[in-house]
Amino acid sequence: MNGTSHAAIGAATGFVVANSFAASPSTTLLLVGLGGVSGLIPDLDIDGKLRGKITLSHKMISLSAQIIGILMILYSFFEKTATERWLGLGIGVMINVVASFIKQKHMLTITGAAVIAGGFSLDELWLILLGVYVIIASFSSHRSYTHSLLGVIFFGFIAYKFEASLGIQGVFYTCLGGYVSHLFADLKILPMNKRGIKLFLPVSSKEL
């Protein structure tokens, strides 16, 4: 199933949850949006719709890092002592070398690290855990751990903490429901799916 269908099913899940909680129009809109995003979350393990939205171009990041490296070298030579100049030169060169190896496939990992940093800065556990999830997804093969019960449990805990942080009823059920709807839609029993999901990883790698 494609990303648009997953987002639509997730959004519908959010609408159902909003109605069950008799949510206000603004809260309903929020839950519909959260459901749509949650319906795409499991596919962060591929270069899909959501992954493309949350990651910047690797060329932009690489160029920015190279500029920062050059500026650090120049600043070190004009403003620092002899020892600090060589240290600044080394760091600047290292930044430029690392920047030259940045590829688009690395951007989701970098995004996850940034989300974790934001979580620590804002003191939000759900955001830290979401960053960890994103990094795990960046290293996972498609339809593996993000499409398993472990993924459901981990994301469910993130959703639980997210609702506690927002203080809005229905956020947990919407996020979890949107996520689970994605897994159901990817089951091999559905005629449009040639592959299934490995729901019981790492205990079993059988596709369902």
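Can you find a residue that is crowded, with 16+ Cβ neighbours inside 10 Å, in contact with a helix residue (DSSP H, G or I) (Cβ under 9 Å, 6 or more places away or on another chain) and at pLDDT below 70 anywhere in the stretch 70-77? Before the answer, list the steps.
Residues of the stretch 70-77 crowded, with 16+ Cβ neighbours inside 10 Å: 72-73, 76.
In the following step, the residues that additionally are in contact with a helix residue (DSSP H, G or I) (Cβ under 9 Å, 6 or more places away or on another chain) were identified as 72-73, 76.
Filter again for at pLDDT below 70, leaving 72, 76.
The answer is yes, given that some residue of the stretch 70-77 is crowded, with 16+ Cβ neighbours inside 10 Å, in contact with a helix residue (DSSP H, G or I) (Cβ under 9 Å, 6 or more places away or on another chain) and at pLDDT below 70.
Scanning the stretch 18-43 for residues that are small (Gly, Ala, Ser), outside any helix (DSSP H, G or I) and buried (at least 21 other Cβ atoms within 10 Å of the Cβ) turns up 23, 39. Within the stretch 164-189, if we keep just the residues that are in contact (Cβ under 8 Å) with a residue 60 or more places away in the chain and not in a helix (DSSP H, G or I), the residue that is surrounded by the most Cβ atoms within 10 Å (Cβ to Cβ) turns out to be 170. Just a yes or no: is a residue in the stretch 201-208 assigned to a helix (DSSP H, G or I) and either surrounded by fewer than 18 Cβ atoms within 10 Å (Cβ to Cβ) or modelled with pLDDT of 95 or more (or both)? No: zero hits.
When 135, 168, 197 are checked against the criterion of being more than 30 Å from residue 66 (Cα to Cα), aliphatic (A, V, I, L, M) and outside the structural domain of residue 15 (by TED's automatic domain parsing), a single residue qualifies: 197. In summary, residue 161 fulfils each of the numbered conditions (1) crowded, with 17+ Cβ neighbours inside 10 Å; (2) over 24 Å from residue 8 (Cα atoms); (3) touching a residue at least 40 places away in the same chain (Cβ under 8 Å); (4) of a type outside the set (A, V, I, L, M) with the single exception of condition (3).
Just give me the residues in the stretch 2-18 being among the polar types (S, T, N, Q) and modelled with pLDDT of 95 or more, in sequence order.
Matches in the stretch 2-18: 13 only.
In the stretch 1-17, the residue that is surrounded by the fewest Cβ atoms within 10 Å (Cβ to Cβ) out of those that are under 20 Å from residue 191 (Cβ atoms) and hydroxyl-bearing (Ser, Thr, Tyr) is 4.
The values are calculated or read from the model by the stated rules, or taken from the named source; none is laboratory data. All of these numbers come straight from a predicted model, not from anything done at the bench. Note that we place each Cβ from the backbone using ideal geometry, even for glycine, and neighbour counts take in every protein chain shown.
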